[in-house]
Structure formats: C-alpha cells, structure tokens
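Asks: Mind having a look at this structure? Questions to follow.
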Amino acid sequence: MLPPLKPLPMKDRVSLIFIQYGQIDVLDGAFVVIDQAGVRTHIPLGSVACIMLEPGTRVSHAAVHLASTVGTLLVWVGEAGVRLYASGQPGGARADRLLYQAKLALDDDLRLKVVRKMYEFRFHEPPPERRSVEQLRGIEGARVRETYKLLARQYRVDWQARNYDQHDWNTADIPNRCLSSATSCLYGITEAAVLAAGYAPAVGFIHTGKPLSFVYDIADLFKFETVVPIAFRIAAKVSHQPERDVRLACRDIFRSSKLLERIIPTIEEVLSAGGIVPPEAPPESVPSAIPNPESIGEAGHRTQG
C-alpha cells in the first residue's frame, strides 16, 4: 500500500494556478483536468498552495477530498478571477490558534497593539501615538489613496478612484479591473496561508464583519510591494486580456519575492505584538483517543493517518 498523503509546507509550494473549462477528477490517484476534447492534464496538487476555479469547471467529490488531504485550497472565482465566490477549507485545524486570535481581536487594548504593528509593518514607521483603531484606519485609507495616485502617475495611467460594481463587472475601467484581478490572486494565497497556520479568515483586526476580514488584513501588508504595481504596469499597456496578464505577472512576483515563505511568519509576528501566547489546554481536557499523525505541513493542515 502507498504511504498516507501529507501536506507540504507552504514555503515549498507553487503559489497558485487557474483552471477553467474542464472536469476535475482523480484518475489513478492523480489530480487531473479533462477538457472538452478529452485531453487530460495532470496537476501536481500537493505542491500548489491554491487553485482558482473559474467558470466552466466541474469538480468531483474525489478531487475535493484529495485537495483537502494535501492541504490545497480550492477557490471558486468569477470570470478572469475577479470575484471570489466560495472556497474549500483544508486548514484551520488548531483550536488553540483560533482562541488566541479571538482573544486578541476581542480585547480592545490587545487589538490596538496588533493594528499598530500591522501599520508599522506596512508603512515602515511607527504609527502616531494615542490613536484608536478607527483613527488609524482613516490614516491608512488616506495613505492608500495617495499611493494609488502616485503609482498612476508613475505608470501614466488615467486614474479616477478605486471604484467598481461587483454585479456589473464590465462597467469598471481597465485599471480597476487589473487591480481586482491582482488582489484576488493575493487574497487566494493569503487565505491558503491563514488556514494552513491554523487561524480563522473571518476574525480580523482592521477589517471586520467579512468572511475574509483577517485575509484582507494580512494581504494588505504585502499588497503595495507586490500586486498593486503590477496592476498599474499592465493597465498602462494595450492588452486584449489584461486580467490574464495580471494573473501571470502575479504568479511570477509571488515566486521571485518568495511570498509564501513570508506570510505565515508575518502572521505570527503581528499577532505577537499583543504580548500574549496561545492558550494551553485546560487540565481537565481529555486527550484525543487517536493522536494526530506527525506531518511536515503547517500547524493548521489536517493530516491523514
């Protein structure tokens, strides 16, 4: 018999791939995509952090099970990858990390410490003293708008504002479409890393009330050094498929910047600003009857015995 599958560490994986117009299944133990002509393409599933499923794809139960076993996040997206509809959840298997994150988010003082650390990480300078989370969010928003304007001037892009309609995508201009495509790529691999580390995507600190609030918090720490300049650079070109060009360029920058190696350590760094540690199991807790097998994957990955 073959040995059980175990997740690879995020840092050793390819960031993401997109699949469209094909049936995804498991044949002879391999994750394959079968197109309309019957051509089979093998996908090295265990070495990919995130797979974006575009319209025209169908996924078998066996394929979803295999993805969850090896810790690869499946994300269902809209055309050109510019809308995120739903995602699988191969990670998040650590109650201690979830409780730790929740305690930091629910305590106003601890939350402010984490937000200040995020601000410092993002802008490379300490935030102003005696500011609330809401005030820091306002300062951040102003700086972000100015950064958009600066990049637009640098790449000679006609920029009005960050503005788009999720229900009528074609009404957005090219720069906004490029930005949305770029950020969706970043959100995909960030969610994969958040889940792999054992945290909850919905429990955010700056962003709140959204299913991916914490994903947005962490992605924003890397957004302007990675995907946003790419979006403006491609928006400045004449391209018949700007969203596709953005996706390919994002994949390249994720690899060259070694982003997957950096996300999880950064999560740990910003959360440690709260000054507390993940809780220990209470003395009256009952240990698992069947211990989890050891794995080389991240703490949040589920393993198969």
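Asks: Fewest to most neighbouring Cβ within 10 Å: what's the order for TYR100, TYR187? Spell out each step's value before the answer.
Replies: Values: TYR100 19, TYR187 23.
Exposure proxy ranking, most exposed first: TYR100, TYR187.
Asks: What aspartates and glutamates does LYS149 reach when the alpha-carbon gap must be under 19 Å and sequence neighbours fewer than 8 apart in one chain are set aside?
Replies: Reachable aspartates and glutamates: GLU140, ASP158, ASP173, ASP220, GLU225.
Asks: Now a separate question. Could you pull out every one of the lysines with an alpha carbon less than 20 Å from that of LYS113, ignoring same-chain neighbours closer than 8 positions?
Replies: Correct list for LYS113: LYS103.
Asks: Taking a temperature of 10 °C and a viscosity of 1.306 mPa s, what whole-number D in µm²/s does Stokes-Einstein yield for the range 103-177 with Rh from Kirkwood over alpha carbon pairs? Display every interim value, and only then the final one.
Replies: Values: Rh = 14.7 Å.
Reported coefficient: 108 µm²/s.
Asks: Here's a follow-up. May I ask what percent, to the nearest 5, of DSSP beta bridges between residues of the chain are antiparallel? Can you show the working numbers first?
Replies: Working: 11 of 23 bridges.
Taking every DSSP beta bridge within the chain, about 50 percent pair in antiparallel fashion.
Asks: Going by the alpha-carbon gyration tensor, a ≥ b ≥ c the square roots of its eigenvalues, is the range 142-260 rounded (a/c under 1.5) or, if a/c is not under 1.5, prolate (a/b greater than b/c) versus oblate? Could you put the intermediate results ahead of the total?
Replies: On the way: a/c = 1.74, a/b = 1.48, b/c = 1.17.
Prolate, since a/c reaches 1.5 and a/b exceeds b/c.
Asks: Could you line up HIS301, HIS240 from fewest to most neighbouring Cβ atoms inside 10 Å? If you can, show how the numbers build up before the last one.
Replies: Values: HIS301 27, HIS240 6.
By the 10 Å Cβ count, ascending, the order reads HIS240, HIS301.
Asks: In µm²/s, what is D for the chain at 20 °C and 1.002 mPa s, where D = kT/(6 pi eta Rh) by Stokes-Einstein and Rh is the Kirkwood radius from Cα pairs? Spell out each step's value before the answer.
Replies: Numbers: Rh = 20.5 Å.
Rounded to a whole number, D works out at 104 µm²/s.
Asks: With unit charges on the beta carbons (Lys and Arg positive, Asp and Glu negative) and the dipole taken about the Cα centre of the range 31-119, which residue among VAL39, SER87, LEU53 sits farthest to the positive side?
Replies: Selected residue: SER87.
Asks: Moving on to the next point. Mind jotting down the three principal axis lengths of the range 1-121 based on Cα atoms? Whole angstrom, largest first.
Replies: For the range 1-121, the Cα extents along the three principal axes come out at 58, 40, 23 Å.
Asks: If you don't mind, another one. Mind checking which lysines have their Cα closer than 25 Å to the Cα of LYS258? Skip sequence neighbours fewer than 8 apart in that chain.
Replies: Reachable lysines: LYS6, LYS11, LYS117, LYS223.
Asks: Restricting to the range 10-87, what percent of DSSP beta bridges are antiparallel, rounded to 5? Please report the intermediate quantities before stating the final value.
Replies: Numbers: 11 of 23 bridges.
Here the share of antiparallel DSSP bridges comes out near 50 percent.
Asks: Related question: Roughly how many debye, to the nearest 20, is the charge dipole of the chain about its Cα centre, given +1 on each Lys and Arg Cβ, -1 on each Asp and Glu Cβ, and no other charges? Show your work: numbers first, answer last.
Replies: Details: 35 positive and 34 negative charges, 138 e Å.
Result for the chain is approximately 660 debye, rounded to the nearest 20.
Asks: With n ≥ 4 as the cut-off for DSSP H runs, can you work out [θ] at 222 nm for the chain, using -39500 (n - 2.57) per run divided by the number of residues, rounded to the nearest 500? Intermediate results must be reported in sequence, preceding the final value.
Replies: Working: 9 runs with 133 residues, N = 305.
The helix-only estimate for the chain comes to -14000 deg cm²/dmol at 222 nm.
Asks: Could you work out the Rg to Rh ratio of the range 1-71, with Rh taken as the Kirkwood radius (inverse of the mean 1/r over all Cα pairs)? Working shown, then result.
Replies: Values: Rg = 12.1 Å, Rh = 12.6 Å.
Radius of gyration over Kirkwood radius for the range 1-71 works out to 0.96.
Asks: Taking neighbour counts of Cβ atoms within 10 Å as a proxy for exposure, in what order, fewest first, do ASP245, ASP28 appear? Let's see the in-between values first.
Replies: Values: ASP245 19, ASP28 6.
So the residues, fewest neighbours to most, are ASP28, ASP245.
Asks: Only Cα pairs under 8 Å and at least 6 apart count here; give the relative contact order of the chain as a rounded whole percent. Could the numbers behind the result be given before it?
Replies: Details: 512 pairs, mean separation 74.3, N = 305.
Relative CO of the chain lands at 24 percent.
Quick note: the coordinates plus some simple rules give every number you see, no bench work behind them. Every value quoted in this text rests on a predicted model; they were computed, and no experiment measured them. Heads up, the Cβs are rebuilt from the backbone with ideal geometry, glycines too, and the neighbour counts pull from every protein chain shown.
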